[in-house]
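The values are calculated or read from the model by the stated rules, or taken from the named source; none is laboratory data. Everything numeric here is computed off the predicted structure, so don't read it as measured data. Note that each Cβ is placed from the backbone with ideal geometry, even for glycine, and that neighbours are counted across all protein chains shown.
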Number of protein chains: 4
Amino acid sequence: MLDKPDYKQIIKEIEVELKSIVSEGKVANYIPELAKVDPNKFAFHISSIDGENYGFGDLDEKFSIQSIAKVFSLTLAYKLNGEDIWKRVGVEPSGNPFNSLIQIEQENGIPRNPLINSGALVISDILYDTLSNPKVDLLNFIREITDNHDIEYNIKVANSEKKTGFRNSALINLMRSFGNINSDINDILDFYFHLCSVEMTVKELSKAFLLYTNHGKLLTNDKEIITSTMAKRINAIMHSCGFYDEAGEFSFKVGLPGKSGVGGGIAAIYPGKYSVAVWSPKLNSKGNSYLGMKALQLLTAKTKRSIF
Amino acid sequence: MLDKPDYKQIIKEIEVELKSIVSEGKVANYIPELAKVDPNKFAFHISSIDGENYGFGDLDEKFSIQSIAKVFSLTLAYKLNGEDIWKRVGVEPSGNPFNSLIQIEQENGIPRNPLINSGALVISDILYDTLSNPKVDLLNFIREITDNHDIEYNIKVANSEKKTGFRNSALINLMRSFGNINSDINDILDFYFHLCSVEMTVKELSKAFLLYTNHGKLLTNDKEIITSTMAKRINAIMHSCGFYDEAGEFSFKVGLPGKSGVGGGIAAIYPGKYSVAVWSPKLNSKGNSYLGMKALQLLTAKTKRSIF
Amino acid sequence: MLDKPDYKQIIKEIEVELKSIVSEGKVANYIPELAKVDPNKFAFHISSIDGENYGFGDLDEKFSIQSIAKVFSLTLAYKLNGEDIWKRVGVEPSGNPFNSLIQIEQENGIPRNPLINSGALVISDILYDTLSNPKVDLLNFIREITDNHDIEYNIKVANSEKKTGFRNSALINLMRSFGNINSDINDILDFYFHLCSVEMTVKELSKAFLLYTNHGKLLTNDKEIITSTMAKRINAIMHSCGFYDEAGEFSFKVGLPGKSGVGGGIAAIYPGKYSVAVWSPKLNSKGNSYLGMKALQLLTAKTKRSIF
Amino acid sequence: MLDKPDYKQIIKEIEVELKSIVSEGKVANYIPELAKVDPNKFAFHISSIDGENYGFGDLDEKFSIQSIAKVFSLTLAYKLNGEDIWKRVGVEPSGNPFNSLIQIEQENGIPRNPLINSGALVISDILYDTLSNPKVDLLNFIREITDNHDIEYNIKVANSEKKTGFRNSALINLMRSFGNINSDINDILDFYFHLCSVEMTVKELSKAFLLYTNHGKLLTNDKEIITSTMAKRINAIMHSCGFYDEAGEFSFKVGLPGKSGVGGGIAAIYPGKYSVAVWSPKLNSKGNSYLGMKALQLLTAKTKRSIF
C-alpha cells in the first residue's frame, strides 16, 4: 500500500502548475446574476479525514454552489424518506444534457437520477411534502452538516433564475403531466431556485463534503446523519451522475465521486480519505469548470490514488 | 480504517444466503448455442491480492465469458495504441441498450464507450489493424494475463453468433458508413465473435482480473502489462459502462468496477484488494446475471466496503 | 371525367352503413370538461360549392371543435403576417405525437408545423402580438368566415384545460427557452385555451371550411379572405399535418385535406367541390374520431373521388 | 372551374424563367458512379392525359432514376400481394432522413413507409419472395408500364452502390434482426441496387407515371394494372412520403404527389390531368433536385392548379 500523500506539498505543486494553464472556458451566462462574477476567481481547498486542511486562492470568498447543492437536498430527502424516493427517480446516468426533456417524455416522467435538473426537481417536490418549513429546514440542514450557521441563500440569484428558468419550468410541467410532481409548480420552482442559490466558500464546501468521505457521520461530533449504506449510495450516484454528460470523462481522468455546478464549483471526495472543493467560474462546453477539472486531475495524478 | 474482512467466512455466508434466493432471470436465447446451457449452474470465486482464493459451486466448469472479454481486447488495444484509441471511441455511459444504433447515428459513428457492442467492434477493428495474427495474438494475450495456456475460443459459439448476429452486422455497417471501421466487415465480425466466445472458469476469470486489482501488473511475476494510469482508466470505464444500462444500479447496489456477459458471468474488482467472478446463466431484464448481481451485492454488504 | 356525385343519395347510404359499425374508440378524458360529453353523439354534414347541404344526426348540437380551430388561427395569422410566419414554424409532418417535446428540443424550439400543439402555440403568440384585442378579434374572424355571429368560446372548457394543461405549459416554456415565444406565457396559454374551446355544430363547421374549398374566398359574398396561394398552402399543410401521427393513414384511406380535434370533430375539404364536417366523440388510439374517420372513408369511396 | 391550361405556352415560360435561376445544389457524391454525371444536365417533360407532350432540355438522355423506381416496385408488390404488404411497412411520413435507422430500432423493424430506403428494402424482400425471376420480372413490369422495351438496369451503377452501400446494409441487417426480412440479405441488396440503377429519359419517366395520373390504367391500351383504389393510395403515399423529410415543403410549394431520386430526377402527377418529369443533378440539402423543385413550383403556379 502506498504511503499517505503529503497533501501540503501536493497542493503547492498544483498551485504552481495551474498558473501555466490558460482556461479555455466561459462563464455561464444564462443566469444573468451569475454572469456578473469575476471570471478569474480561483480557489482550491482540501480537508482530510485526519483534520488536515490546505488550500490556496480566494479561499474566503462565497460563490454560488448551484447544482452542488442537489447533493444536500438528495441527502436530506433520502434521510427522511428512505428507499421510497427511488420510486420517483432513478440512479442511472442520463447520457444526455442536464436539462434535456427527451428522456422524461420517453420514460413516463421518471428522471434518470436525482442530480440532473429533472431529478432534483422531483427531490424538491418530495422535500416540500416532507418538511414543515421547507426553505428554512433545508438551510438548517445544510448549516448543520457544514457546521456553519453563516450559510445563506442568495435571494438575488434565486430571483434571477426564476425570471429565466423556462427550461426548468418546462421540465416540471412535463413531469407534472405524468403525475410525478405533487405540489404547486411555482412553489417547487421557488424552493428549487433557492436551493441552487446557496453560497459557500471552498473551505465550507470541502468541510460539508466530509460527510460523504466519512461514511455518513459528521467528523466534528461523530453524529450519524445518514447510514453508511446511504452514504455509499449517494457517492455511487455522484460518481455515475455528478458531471452531466461528462461523468465518464471525469471518472476516466480524475476517478473520484463528485458534483459540479454552473457557478464553477466542483466538490469531490475520496471515501475514507479526504474531500476537496475547487472554484473557477469559466466552464467547458459540457458545463463543468475548466480549471476545476484540471486541478482535480492533477490531485489524483499527484497523490497517485483514486478510487480505481 | 476497517479490519481486513474474513473472506473465507463471508463466502460461506453468501453460499448459504443465496440458496434462499430464487432466480427470476432467463437464459439468453438469441445465441442458439448459449441457450443450451444448464440454467442452474452457479459458481463464485474470489482472489485476493494477498493470494487468498475462495469459492464454491461449479468452480472448474468453463462457460462463455462473452462481453467480459471486451475488457481484455480493450486492454490489449490500449497497451498497443495508447491514448489514440479515444479518437475512435468515447468513455461515457450510453444510457441506452448495449446494441442500440441510435447514438451511433446521432453521434457520427463514434461509440459512447469500448464496452458496448459498437465500441468493442471498433476496438476489434483497431486490434485487427495492429496485430499480425489477430485471433492467435489476442488469445495469447488472454492466456498470459490468466497465466493459463488452456484458454480457448469456442468455435461452435462463435459460429452460432455469426449466423444470428444481424444486429452486430447492422452496427458495424453503420459505423463503416461513417468511416469508423477500416478493415473488411466480415473479418472484423469473425474476430469479434471469436473474442466473445472465449471460455473460462470463475477461477480463471477472477485470476485474470487481478491485473486490474493490481494496477496493471501481473501478480505472479510483477510484470507491468499496462501502466497504473491505464489500469485506473480501464477500471473507471468498467465502472461507468460495464453493465449496459444498469451501470448506475450496479454502482448503487454493489459499488465495484466490473463487467458482465450474456453468458451469465460477471467479473468485478476492488482495486488493491481483490477480484471476484461469478457465474449464473439466468439474466435479468437488462441482460445481467440475476444471481450474480445478488451475490456481489452480498459481498460488498458483508465486507462492509466498496470503492465508495 | 366522372359525373358529379349524387351527394344526397350517398349521405343516406353512409347513414345506413355507419349504423352497423361499432365504435371502438374512447372519449378523450384528459380535459375533464370534455369527458362529460355523451359518447354516442353523432353528426355528419356536407356543404357543396354549388350550395347543396346534406346531413344527418345531431346537426344542431354545438360541440368543442378543439384543434380544428387551429386552422382558423393559422389562417388569420397568415393573412395578417404573410410568409414571415414560416420563420417561426415549419410545414413538415412531425412523425411524432401531437404534444411531443422531443423535436422542439432537438430542433431549437421551432415546431414542425402550425397544427400540432407547439406550432399552434407559436401561432397564438404571433396573433397575440398582432391583434389589438386578441380574444375578441379572433372570435370575430371565426364568426366572419362562418357567417354566424353566434359562435362563442366555452369558458368552462377553456378553464378546464388551463387547470390540466401541464403538457402545453411544458411546450411553451421550452419554446420560450429557445426564444420562440415573445409574450407572457400565461397570456398565450389563456388565448390558446380559448381558441381550442370554440364550439360549433357540424353545419357551422362545414360552412366555415368552404373558405378552403373555395380557394380563399367566402362563398356567400365572394370576399377574398386569403389569396388562393395561401388557401392552397393551408390545404397542403392540413393534408400533411392535420391528423397528428395518423396523417399518412388519413391520406391513404380518405385522401382529403382536413383537421381533427380531440372533441371528436373532423373537418375536411375537396378543393373546388365540397367541405364536410363530422362529429363523434369516441377517439381511436391516435386521438382521431373513430367513426368520423370511417364516415369520411365511406364518403370518398362512394363519391369515387379524392384529391388523388 | 378554370379553363384547361395552355401547357405548351407554360412550358416555354418555365424554360425561360429557369435560365435566370442559378442552382445552389450539389451532385450526390456518395455513389461514385453517380458523381460522374454532368451537373449542368437539365430536362423537363410533361405528358397530359389527353395525349399532349411537351418538353425541353436533354430530353433523350437516360439518367439514373434511383429512388423514383421505388414507386414501380411498390406498385408491383401491391398488385401481386394486395393489402398484406401493409403488415410489414407503414404509410406514414417518417419525419427523418431517408436512411435513418432510429425509427426502425424504435418501431420494431417496421419502416414508416415504402418510399424510404428501409421500406423499399422490405418491398424488395416481398417481391423477391413473390417473383420467380425477380430482376427480370421487375424490369419487364417497368417496361410494360413505360411501353418501352428499351429500359435497362445500369450494372455499373448497381455495383457502385453495392460497394458503398453500408448504410443500406445496416438497415437491412437491423430489420432482419427484428424478423422483417426473409430472404438472404445479399440477394435483397443486389435486387434493390439493381432497382435503383434503372435508367430513363424524362420522356419515358413522365410516360410511365401516366399510370398514376390515369387511376391505375395504361393510357395506351386501357389495361388495368392496379385498381383505382390502389392507384389513389400509391398517390397518397407519394404525396406524404415522396420527398424524404421535405415532403411537407414540396406539398406546400408544389402541391402534387411525386417522387424524387438522388440522381436528380423528380416525377410528379396531377391525378386525371398530367404527369411530369424533370431532371437536374444538383441536389438541395435534403437530397432533392434543386432546379427540379423550382421547375415544378413554376408549373403549378403558372397552371394555377394543384391538388389543393
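What are the residues in segment A:194-246 that are closer than 23 Å to A:Leu139 by Cβ and of a type in the set (D, E, K, R), if any?
Matches in segment A:194-246: A:Glu199, A:Lys203, A:Glu204, A:Lys207, A:Lys217, A:Lys223, A:Glu224.
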Of the candidates C:Ala247, C:Ala295, C:Ala301, the one satisfying the condition of being outside any loop (DSSP other than H, G, I, E, B) and away from chain D (no Cβ under 14 Å) is C:Ala295
If we keep only residues of segment D:1-35 that are basic (Lys, Arg) and either over 30 Å from D:Tyr153 (Cβ atoms) or over 21 Å from the mean Cα position of the chain (by Cα) (or both), then the residue modelled with the lowest pLDDT is D:Lys4
Result of the Cβ filter at 8 Å on segment C:175-195, keeping first residues that are in contact (Cβ under 8 Å) with a residue 24 or more places away in the chain and partners that are assigned to a loop (DSSP other than H, G, I, E, B) and charged (D, E, K, R), at least 6 apart or interchain, is C:Asn180/C:Arg88
A careful count of residues in segment B:133-148 that are among the polar types (S, T, N, Q) and surrounded by 16 or more Cβ atoms within 10 Å (Cβ to Cβ) gives 1
- request: Evaluate segment B:189-207: report whether one residue or more is charged (D, E, K, R), part of a loop (DSSP other than H, G, I, E, B), modelled with pLDDT of 95 or more and closer than 30 Å to B:Leu101 by Cα.
  value: no
Cβ pairs under 6 Å, 6+ apart or interchain, first in segment A:224-236 and in contact (Cβ under 8 Å) with a residue 40 or more places away in the chain, second surrounded by fewer than 20 Cβ atoms within 10 Å (Cβ to Cβ) and in a helix (DSSP H, G or I), ordered by first then second residue, are A:Ile226/A:Lys79
If we ask which residues in segment B:88-117 are within 10 Å of another protein chain (Cβ to nearest Cβ) and part of a helix (DSSP H, G or I), their number turns out to be 5
- So B:Lys8, is it of a type in the set (Lys, Arg), closer than 30 Å to A:Asn214 by Cβ, out of contact with any His (no Cβ under 7 Å at 6 or more places or on another chain) and touching a residue at least 40 places away in the same chain (Cβ under 8 Å): yes
Scanning segment B:121-161 for residues that are among the aliphatic types (A, V, I, L, M) and closer than 19 Å to B:Ile31 by Cβ, the one farthest from the chain's Cα centre (by Cα) turns out to be B:Ile155
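If I ask for residues that are part of a loop (DSSP other than H, G, I, E, B), away from chain B (no Cβ under 14 Å) and within 19 Å of A:Ile11 (Cβ to Cβ), which ones from segment A:45-87 would you list?
Of everything in segment A:45-87, those that are part of a loop (DSSP other than H, G, I, E, B), away from chain B (no Cβ under 14 Å) and within 19 Å of A:Ile11 (Cβ to Cβ) turn out to be A:Gly51, A:Glu52, A:Asp58, A:Leu59, A:Asp60, A:Glu61.
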Per the filter on segment A:249-272, residues among the basic types (Lys, Arg) and modelled with pLDDT under 95 are A:Lys253
Residue set B:Leu121, B:Leu131, B:Leu139, B:Leu127; condition touching a strand residue (DSSP E or B) at 6+ places or on another chain (Cβ under 8 Å), at negative phi and either modelled with pLDDT of 90 or more or more than 12 Å from every other protein chain (Cβ to nearest Cβ) (or both); output residue B:Leu139
Note on segment A:275-287: residues within 14 Å of another protein chain (Cβ to nearest Cβ) and either surrounded by 24 or more Cβ atoms within 10 Å (Cβ to Cβ) or in contact with a His (Cβ under 6 Å, 6 or more places away or on another chain) (or both) are A:Ser275
Restricting attention to segment A:176-188, the residues that are part of a loop (DSSP other than H, G, I, E, B), of a type in the set (Val, Ile, Thr) and more than 11 Å from chain C (Cβ to nearest Cβ) number exactly 0
Selection status of A:Leu256, within 14 Å of chain B (Cβ to nearest Cβ), buried (at least 24 other Cβ atoms within 10 Å of the Cβ) and in contact with a His (Cβ under 9 Å, 6 or more places away or on another chain):
yes
Note: among A:Val122, A:Val89, just one is buried (at least 20 other Cβ atoms within 10 Å of the Cβ), β-branched (Val, Ile, Thr) and farther than 30 Å from A:His149 by Cα, namely A:Val89
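Answer yes or no as to whether C:Val198 is surrounded by 21 or more Cβ atoms within 10 Å (Cβ to Cβ), farther than 13 Å from C:Ile126 by Cα and either among the basic types (Lys, Arg) or in contact with a strand residue (DSSP E or B) (Cβ under 7 Å, 6 or more places away or on another chain) (or both).
Spelling it out, it is not the case that C:Val198 is surrounded by 21 or more Cβ atoms within 10 Å (Cβ to Cβ), farther than 13 Å from C:Ile126 by Cα and either among the basic types (Lys, Arg) or in contact with a strand residue (DSSP E or B) (Cβ under 7 Å, 6 or more places away or on another chain) (or both).
Go through segment A:142-167 residue by residue and tally those that are part of a helix (DSSP H, G or I), aliphatic (A, V, I, L, M) and in contact with a strand residue (DSSP E or B) (Cβ under 8 Å, 6 or more places away or on another chain).
Selection size over segment A:142-167: 1.
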Checked pairs for segment B:279-308, first more than 17 Å from B:Ile269 (Cα to Cα) and assigned by TED's automatic domain parsing to the domain that holds B:Pro257, second assigned to a loop (DSSP other than H, G, I, E, B) and of a type in the set (S, T, N, Q), C-beta under 7 Å and 6 or more apart or across chains, list as B:Ser280/B:Ser23; B:Lys282/B:Ser23; B:Tyr290/B:Ser23; B:Tyr290/B:Ser280; B:Tyr290/B:Asn284; B:Leu291/B:Ser23; B:Leu291/B:Ser280
Within segment A:153-169, of all residues that are among the charged types (D, E, K, R) and buried (at least 19 other Cβ atoms within 10 Å of the Cβ), the one farthest from A:Val262 (Cα to Cα) is A:Arg167
In segment B:210-244, anything more than 12 Å from chain A (Cβ to nearest Cβ), over 14 Å from the mean Cα position of the chain (by Cα) and aliphatic (A, V, I, L, M) is listed as B:Leu218, B:Leu219, B:Ile225, B:Ile226
Some residue of segment D:32-54 being surrounded by 15 or more Cβ atoms within 10 Å (Cβ to Cβ) and within 29 Å of C:Gln103 (Cβ to Cβ):
no
A careful count of residues in segment C:250-267 that are closer than 13 Å to C:Ser289 by Cα and not in a loop (DSSP other than H, G, I, E, B) gives 7
| Residues in segment B:93-109: is at least one out of contact with any helix residue (DSSP H, G or I) (no Cβ under 8 Å at 6 or more places or on another chain) and on the phi > 0 side of the Ramachandran plot? | yes
Note on segment B:101-119: residues buried (at least 24 other Cβ atoms within 10 Å of the Cβ) and more than 17 Å from the chain's Cα centre (by Cα) are B:Leu101, B:Ile104, B:Pro111
